[in-house]
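A short write-up of the structure that comes next.
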Amino acid sequence: AEALTARGYSVVIPDYRKYPEVVFPAFVEDAAAAVAWVHRHIAEYGGDPGRIFVAGHSAGAHIAALLALDPTYLQAQAMSPMDLRGMIGLAGPYDFLPLQTARLKAVFPGEHLQYLAQPVNVLQPPNPPVLLLVGRKDETVLPRNSESLAQHIQKTGGRVELRYFENEGHIGMALRLARPFQGDGRVVQAIGEFIDRETAF
């Protein structure tokens, strides 16, 4: 949070239930409830409910993408993806079929839910603008996930920006938000530029 609060943004970091307590889509529903809470209450903390972004790294990016691209989750909270100003995903899995491990198959049980868990399969325009940040050396969540999602958003007429970071791996993309590891600050700067651009009107 500090990387963003230092730039003057209000930041809310919610938690969500995880496997084995729950399976998909319960954790996305938890995130939607958190967004709805922020929309109702952020003004009490000096924030603007008309300028909400969702963001995450890895699994968090997957959840953020589903909230921004599939209206199902926010509609259940009497909201819409267009109530968001944007979505920011760092090193996210957006197009990860077929599932490769027994654990993932347990988290996403059954072919139908596995299909619905792929942001590339469920995006329904209109959507808020999307910023995808990915390290070229990511061998955990391959960059093709971000590339595929960007292509799908473009095909539906949406706005998306894909930014590569040449020397970053999977964990490095998250570490760049921590003060001791920000390095040249390019990851934080990319996020800030996107937020500022999308709130300039």
Inset, instruction - With an 8 Å cut-off on Cα pairs and a minimum separation of 6 or more residues, tell me the relative contact order of region 59-145 in percent. - result: 41 percent
Inset, instruction - Evaluate the relative contact order of region 93-201 (contact order divided by residue number), counting alpha-carbon pairs under 8 angstrom at least 6 apart; express in whole percent. - result: 25 percent
Inset, instruction - Above 17 angstrom, tally the Cα pairs of region 124-175 and express them as a % of all pairs, no decimals. - result: 36 percent
Inset, instruction - Provide the FRET efficiency to the nearest 0.05 for the Asp83-Asn121 pair, computing r from the beta carbons and using R0 = 30 Å. - result: 0.85
Inset, instruction - In a Gaussian network model over the chain where Cα atoms closer than 10 Å are linked, find which of Leu113, Leu142, Leu90 has the largest mean-square fluctuation. - result: Leu113
Legend entry - Backbone HN-Hα couplings from phi across region 87-92 [Karplus 6.51/-1.76/1.60, Hz, Gly and Pro as x]: 10, 10, x, 10, 6, x
Legend entry - Residue among Ala43, Ala33, Ala68 with the largest mean-square fluctuation in a Gaussian network model of the chain, springs linking Cα atoms under 10 Å: Ala43
Inset, instruction - Once you have the Cα-Cα distance between Val22 and Gln151, take 0.36 nm times their residue separation minus that, and quote the gain in nm to one decimal. - result: 43.3 nm
Inset, instruction - Select one label from (1) 0.99; (2) 1.08; (3) 0.94: the one whose number is Rg/Rh (Cα atoms, Kirkwood Rh) as derived from the coordinates shown. - result: (3)
Inset, instruction - Would you calculate the separation in nanometres between label points at Glu193 and Ala76, each defined as 7 Å from the Cα along the Cα-to-beta-carbon direction? - result: 3.7 nm
Inset, instruction - Report the residue, chosen from Arg159, Arg85, Arg186, that carries the largest GNM mean-square fluctuation when the chain is represented by alpha-carbon nodes joined by springs under 10 Å. - result: Arg186
Inset, instruction - Give the calculated FRET efficiency between Ala59 and Phe201 to the nearest 0.05, with a Förster radius of 45 Å applied to their Cβ-Cβ distance. - result: 0.90
Legend entry - Rounded FRET efficiency, nearest 0.05, which uses the C-beta distance separating Leu113 from Glu44 and R0 of 45 Å: 0.80
Inset, instruction - Determine the share of the chain's accessible area contributed by carbon and sulfur atoms, expressed in whole percent, with a 1.4 angstrom probe. - result: 53 percent
Legend entry - Length-normalised contact order of the chain in % [C-alpha pairs under 8 Å, at least 6 apart]: 20 percent
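The values are calculated or read from the model by the stated rules, or taken from the named source; none is laboratory data. It should be emphasised that the depicted structure is a prediction, and the values quoted were computed from it without experimental measurement. Reconstructed Cβ throughout: ideal geometry from the backbone, glycine too, with neighbour counts over all protein chains shown. For the accessible areas, the whole protein counts, side chains as well, though only heavy atoms, and no ligand, DNA or RNA atoms are used. Shrake-Rupley method; radii C 1.70, N 1.55, O 1.52, S 1.80 Å.
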